[in-house]
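Trainee: Handing you this structure, nothing more for now.
The values are calculated or read from the model by the stated rules, or taken from the named source; none is laboratory data. None of the values given here were measured: they were computed from a predicted structure. Cβ atoms come from the backbone with ideal geometry, glycine included; neighbour counts cover every protein chain shown. Surface areas here come from the heavy atoms of the whole protein model, side chains and all, with no ligands, DNA or RNA. Shrake-Rupley method; radii C 1.70, N 1.55, O 1.52, S 1.80 Å.
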Amino acid sequence: MDIGLLTTGLLTGLREGVEAALIVSIILVYLARTGNQRHFGQIWAGTGVALAVSIGVGVVLWVTIRGLEGPAEQIFEGFATLLAAGVVTWMLFWMRRTAANIRGELQAGVDRALLEGGIWGLSILAFTAVIREGIETSLFLLGQATAAGQADAGSLSTLLGAVLGIGLAVLVGYGFYRGARVINLSVFFRWTGVALVFIAAGLLAHSIHEFVEIGWIGVATGTAFDISSILPHAGDPAQLGAVVIVGQLLRALFGYSSTPEWATLIGWLAYVVAVLALYLRPMRPAVARSISGSQPAANA
């Protein structure tokens, strides 16, 4: 069991799972409060299809990776981790921008579906609301697994962590539905977002490393430093001791390397500095949207 990959999988599953669980909970709460509990089945149908599609996408991509060899495998891994870093970066800023109004937007969507009377309108609403989270999770977990290598134990650790994280997210969503504000959601999203910035930076660094190895990046390819004697990122814990476990944990979480190329190190630092500066900058207060022109939308 790889504790580092278990942790990254758990963090990803928790973060993405909480977003999806809150989306579904907001829709269900609104339906219940407006006397439309009979439509719960459509919400669960849309949610179930979105989950199935997300799992299917993840399985297809993973099977594809396992069938590649040599440079093709490195090219695919490089693009997979680069895509995962890009997706999570977009997701962070989307959530930062829309979190304040997400409840109002979802409630407006429910109103439209109910007024138009389409039997599958609510299923489509739930599907589109959840599928983004599911696809993001599949891509992100794929990037984490490929960045750490294709060992079955590592893949299983990532998957187990994601399942545990999603399980915790379901509990949070149920608590939200029942009215128990078990966590401060704004603080939760802010600090898990900061952690994901560093994880995405690690994915980007792995992508750059793969492109350096296959010769696609030909500048700044020298080793920036070598601290493998102090904190190696790979090796046998039985021979090197607990320090290698720390190195492996940092590698799985944040893409740490004890012998990084200059291009990899510069790319990691540039990403962290730029994205953190943008992500943590103060936001202008958002104007709450109203439902049916009367009640202001409460924050999610």
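Trainee: What is the sum of charges, Lys and Arg at +1 and Asp and Glu at -1, for the other residues whose Cβ falls under 15 Å from the Cβ of THR47?
Mentor: -2
Trainee: Under the 0.36 nm per residue contour assumption, what length would be gained going from the current alpha-carbon distance of VAL246 and ALA45 to full extension?
Mentor: Values: separation 201, 0.36 × 201 = 72.36 nm, distance 4.30 nm.
The VAL246-ALA45 span can extend by a further 68.1 nm.
Trainee: Computed FRET efficiency, Cβ-Cβ of ALA52 and ALA224, R0 35 Å: what is it to the nearest 0.05?
Mentor: Efficiency, from the Cβ-Cβ distance: 0.20.
Trainee: Which value, in Å² rounded to 10, gives the accessible area of GLU77 with a 1.4 Å probe and all protein chains present?
Mentor: 10
Trainee: What full-extension length gain, to one decimal in nm, is calculated for LEU115 and LEU231 as 0.36 nm per residue of separation minus the Cα-Cα distance?
Mentor: Length gained, LEU115 through LEU231: 35.6 nm.
Trainee: Go through segment 161-174 residue by residue and turn each phi into a ³J(HN,Hα) via Karplus (6.51, -1.76, 1.60, θ = phi - 60°); whole Hz please, and just put x for glycine and proline.
Mentor: Taking θ as phi minus 60°, the curve returns x, 5, 5, 5, x, 5, x, 5, 5, 4, 5, 5, x, 5 Hz for segment 161-174.
Trainee: Would you tell me the accessible area of VAL87, worked out with a 1.4 angstrom probe on the heavy atoms of the protein chains, in Å² to the nearest 10?
Mentor: About 30 Å², ignoring ligands and nucleic acids.
Trainee: Taking θ = phi - 60°, what integer Hz values does the Karplus form 6.51 cos²θ - 1.76 cosθ + 1.60 yield along segment 258-275, in sequence order, with x for Gly and Pro?
Mentor: Along segment 258-275, the couplings run 7, 9, x, 6, 4, 4, 5, 5, 5, x, 4, 5, 4, 5, 4, 5, 5, 6 Hz.
Trainee: With every protein chain present, what accessible area does PHE176 have (1.4 Å probe, heavy atoms only), rounded to the nearest 10 Å²?
Mentor: For PHE176, the solvent-accessible surface is approximately 20 Å².
Trainee: Let me ask you something else. How would you order 49-56, 165-172, 275-282 from highest to lowest mean count of nearby Cβ atoms within 10 Å?
Mentor: 165-172, 49-56, 275-282
Trainee: Of the listed peptides 263-271, 35-43, what is their order by residue-averaged count of other C-beta atoms within 10 Å, with the highest listed first?
Mentor: 263-271, 35-43
Trainee: Follow-up question, since we're still on this one. Under the rule of at least 5 residues apart or a separate chain, name every residue whose amide H is placed under 5 Å from the amide H of GLU261.
Mentor: Counting only residues 5 or more places away or on other chains, the set is ALA224.
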